Structure formats: C-alpha cells, structure tokens
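Asks: After the structure tokens below, expect a handful of questions from me.
The values are calculated or read from the model by the stated rules, or taken from the named source; none is laboratory data. Here the structure is a predicted model, which means the values were calculated and not measured. Backbone-built Cβ (ideal geometry, glycine too); neighbour counts: all protein chains shown.
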Amino acid sequence: MCVCVCVCVCVCVCVVRPPAGQEAYIKKTFTRMLPVIKDYSLSPRTSRIWGGGQWNSFHPTVKQCRNGWTTSVLSKLLFALPNSPLQYPIQGYTVQPLSSFVIPGLQLHAGKRSSYKVVLKVSKGILTTDIPPAEVTVKGFREKEMIIKSRSLELLNDVLVKVSYTSTVYHINTGDLVTFQFENHEAVFPIAIKQPHIPVLYDMGTDISSQVTIATKTFLRYEQLKVLLDSIRKFYSNIKVIVADDSFEPEHITGENIQHYIMPPAQGWFAGRNLAVSQVTTKYFLWVDDDFLFTEKTKIEKLVEVMEAVPELDVVGGSVKENQFYFSLIYEEGEETEGGCLYRKSNKKFHSVPGYPQCFLASGVVNFFLARTDAVQRVGFDPKLQRIAHSEFFMDGLGYLLVATCGDVSIGHQHVARSARYSKFRNPRKDDSEFKLQLHFFKNHLKCIKYG
C-alpha cells in the first residue's frame, strides 16, 4: 500500500531516544556545547532535600500529567510520500470546537476508470456534504466515515469540494486526523480544533505615559527609592509609577501618578512583582529595581518602538550601567519518571532582531526590561520564591515569552552601601538555595539543572 501522510501542525514536542550506542556520543557533544559551571542533579544530596520517599511517591502523579501533555493526535510524527493522486490541505485548516467548516482543496487526480471511490475517516467529528447529484452516491452522511462513489471523476470532485468537517468534541485546543483513501493510496492530514482568543486591545494614546507604566518593588530601601523616583520625574514627568512595598515599617510615598501598595512584611521579591504587575493598565510596563537611576540613555521610547515593530516580542531588556546581562535556556525533556534537564548559559544570545541589529533574541534578560502586560500576567511570578529569584521567571516563561535584549537603552545603578538589616534578607541562606532547587525539581519536573 502507498501511504501518503502530511502533518504541518504541531502542538506538542516529543523527545526521541537516540539509537543504541549513540547516547554517549550525544551526551559528550552536548556537554562540549555547554560548559558546566554548576550542576544540580538528583543525587543523594538532593534526594535528602525531597525528604526520603517523597520523590518516589511523586512519580505516578507525574506520569498521569505527562500522559495528558502528550496524547494529542497532532503529536504523532507522520511522513509524506510522493506520487499520490490525492489532493488535500497539509497546513492551515483550523475549525472551531462544535462548528462546521468545509475542508478546502479536496480533489482526486486519477486516470480514466470505469468508476471512482474515495473514503474519508475522522475520529473527533463527523463529515457532511451537499446533496449529491444522482450520478454520485454518498454513504455515511453525518458520520465519522464517508464513502463517495461515482462513474464521473468531475462529479465526484464537485462533491469533494463541498465536504465539511464538524467538530463534535469541545476542546479549546486539540486536533483530529483525517484519513483520505483511494484504491491503494492513503493520505492522512491534520485538522486543528481551536477556540479563537478574544483580542485584548489597549488605548495607546499619543504619549509614552499612556503606553507604559513603570513598576518596581521596594524593601527597606526608601532612600534609594526616592532617588529613583526623582530621576524618573526628571525625564518622564507624567508617567505612572507603581510601587509594591513589603517593608516592616512602611513609609508614605508621595507624588503625582505614584501608586504605593503596602504588603504584609517580607512577602518576597516575586510576590511584590505579582502585585505591581497586576495593577498595570497600560499595554506595556517597564520593570526597574528600586536602586536604579534614570539617565539620558534611559529611552523607554526606543524599547516601545522595537515592541511595536515586532509584535511577536513579549519582553525587551536593556542594560544596567552598560552591563547587558542576558542568558539562554535549553530544556531537554526527560522520561516520565526521571524528568528533564535545564541548561542556563550566561551571556548566550541567539540572533539579531530583524530590522534592529542592536537587539538580539535571548531567553532571559536583566532586571530592567519592557514587557507586554498581558503576556507577563499569563506567566506570572512564583510567590514561593522570596529571596533568590530572577531567572526563574524566564524559566517559567520558556516557550511562552519571546525575549530580546537591546544594548542601546540603559539605566544607571545607585552605589549605596547596604544596611545590615537589609543585607540580612538580601543575602540568601543555604536553606534558601536548597528550597529553590527543591522547587525546580518538583514544579518543573527536573532531574538536573546546569549553569554555564
């Protein structure tokens, strides 16, 4: 049997195990690509962090979850073979759940025969067509399998172009596979079943103040915060500033277009970020630390220009005191019970942003970045991370956020000695580091984390 199958829609990524004997070669090659400075793997030490049998008891739950991640029919790898008389769509055919749409492009290109017969099969919907002429017979109307017969190729094709697929399973993002058969030829092509998103639009206004909100979090650093606010007003007199504050003894922050949100004491870095970003009503927000300093090179408009020109971007970072920190992330999926590996490579970027040679794509950037509000709100900041937290946001956003870094926009950094009280909370303890590893291994289902 000649089988012709095409799939150009992908909703899941599956790991293919290398052939026997090549595991060592691949491991050696991959390690050479990513020099490892710190390697955190599931070892006796990290097993102790989990607390005895906690990891083993977690395996069945992980297996159930991963089965849910990988069961879509669109994750099945299919290959197309040449020389088929069947014409069918291989990309771009999408239907809404519980709705009916004509399957575009169905045709049969065959030599002269006494009669023609094609068969269509689906699994998550039903097939329909218009009432055929007397010279064409259709069996399986509003069923999962439809058989069309005719002595006329032209009339059969007239019926094929009117065949519709109706989704009968409600799911906001799934798919179906259609089998299309003629004699010993068979084609399989995908149907994407997807609920369209309702657009979220923002009134961009005419100035930067209606486009961007500045957000920050402060803790025991009111002197630095006041310097930051003064520097913002020097260059942007009307822009809104949101301050999340979890200090023990909150001080009143005054000023026009400043929103000061008091939190319970010492809730942590990411909890404060969540609060601040949740109150943003503009299309973009600019994240800054409370000890940064706006300068002549802090041009928010340049970052907005890049984001507007490249709407696929979600986060664009700048540099802090000319230090353009960025990193790349590589996630290697693991098995159901073991988990995967995450590699973070410092100062590793991908390629430049089209039209903006000063900007490069990366996986993560420094604490000075412009972001699309709705995109970041969908990912969020894990409030369990209180003291050691920055890269973790980009790890959670991997595959969801497209990130870039631009070297032509920078912000200053105040040089002020830290108080002993602040340093007590700022400097992580050993148990903070171990907790972060525990969270990574559990939440991200990892067996190793490597920093290079």
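Asks: Picking from Phe360, Phe350, which residue would you name as being farther than 21 Å from Gln279 by Cα, assigned to a strand (DSSP E or B), among the aromatic types (Phe, Trp, Tyr) and in contact (Cβ under 8 Å) with a residue 12 or more places away in the chain?
Replies: Only one candidate qualifies: Phe360.
Asks: Is there any pair linking a residue in region 245-262 that is closer than 10 Å to Phe219 by Cα to one that is among the aliphatic types (A, V, I, L, M), with Cβ under 6 Å and at least six apart or on different chains, and which?
Replies: Matching pairs, first to second residue: Asp245/Ile262; Asp246/Met263; Asp246/Ala266; Ser247/Leu220; Pro250/Ile262.
Asks: Kindly indicate the residue of region 84-118 that is hydroxyl-bearing (Ser, Thr, Tyr) and assigned to a strand (DSSP E or B) and also surrounded by the most Cβ atoms within 10 Å (Cβ to Cβ) among those meeting that condition.
Replies: Only one residue tops the list, namely Tyr116.
Asks: When you go through (1) surrounded by fewer than 21 Cβ atoms within 10 Å (Cβ to Cβ); (2) modelled with pLDDT under 95; (3) under 32 Å from the mean Cα position of the chain (by Cα) one by one for Val304, which number turns out not to apply?
Replies: Single failed check for Val304: (2).
Asks: A follow-up question, please. Just to be sure I understand, how many residues within region 308-320 are in contact with a Leu (Cβ under 9 Å, 6 or more places away or on another chain) and either of a type in the set (Gly, Ala, Ser) or modelled with pLDDT under 95 (or both)?
Replies: Qualifying residue count, region 308-320: 2.
Asks: Is one or more of the residues making up region 325-343 within 21 Å of Asn367 (Cβ to Cβ) and either outside the structural domain of Ala404 (by TED's automatic domain parsing) or not in a strand (DSSP E or B) (or both)?
Replies: Among the residues of region 325-343, at least one is within 21 Å of Asn367 (Cβ to Cβ) and either outside the structural domain of Ala404 (by TED's automatic domain parsing) or not in a strand (DSSP E or B) (or both), which makes the answer yes.
Asks: Still on this structure, please answer the following. Determine whether Ser231 is among the hydroxyl-bearing types (Ser, Thr, Tyr), on the phi < 0 side of the Ramachandran plot, without any contact (Cβ under 8 Å) to a residue 40 or more places away in the chain and out of contact with any Asp or Glu (no Cβ under 7 Å at 6 or more places or on another chain).
Replies: no
Asks: Of the residues in region 303-324, how many are in contact (Cβ under 8 Å) with a residue 12 or more places away in the chain and not in a loop (DSSP other than H, G, I, E, B)?
Replies: Result for region 303-324: 12.
Asks: Can you tell me which residue is surrounded by the most Cβ atoms within 10 Å (Cβ to Cβ) among those in region 195-245 that are modelled with pLDDT of 95 or more and among the charged types (D, E, K, R)?
Replies: In this case the residue turns out to be Lys217.
Asks: Would you say Lys297 is of a type outside the set (Gly, Ala, Ser), surrounded by fewer than 23 Cβ atoms within 10 Å (Cβ to Cβ), part of a loop (DSSP other than H, G, I, E, B) and in the same structural domain as Ala371 (by TED's automatic domain parsing)? If you could, list the steps in order and put the result at the bottom.
Replies: Details: of a type outside the set (Gly, Ala, Ser): yes; surrounded by fewer than 23 Cβ atoms within 10 Å (Cβ to Cβ): yes; part of a loop (DSSP other than H, G, I, E, B): yes; in the same structural domain as Ala371 (by TED's automatic domain parsing): yes.
It is true that Lys297 is of a type outside the set (Gly, Ala, Ser), surrounded by fewer than 23 Cβ atoms within 10 Å (Cβ to Cβ), part of a loop (DSSP other than H, G, I, E, B) and in the same structural domain as Ala371 (by TED's automatic domain parsing).
Asks: Could you figure out which of (1) surrounded by fewer than 21 Cβ atoms within 10 Å (Cβ to Cβ); (2) closer than 24 Å to Val416 by Cα; (3) under 32 Å from the mean Cα position of the chain (by Cα); (4) not aliphatic (A, V, I, L, M) isn't true of Arg273?
Replies: (1)
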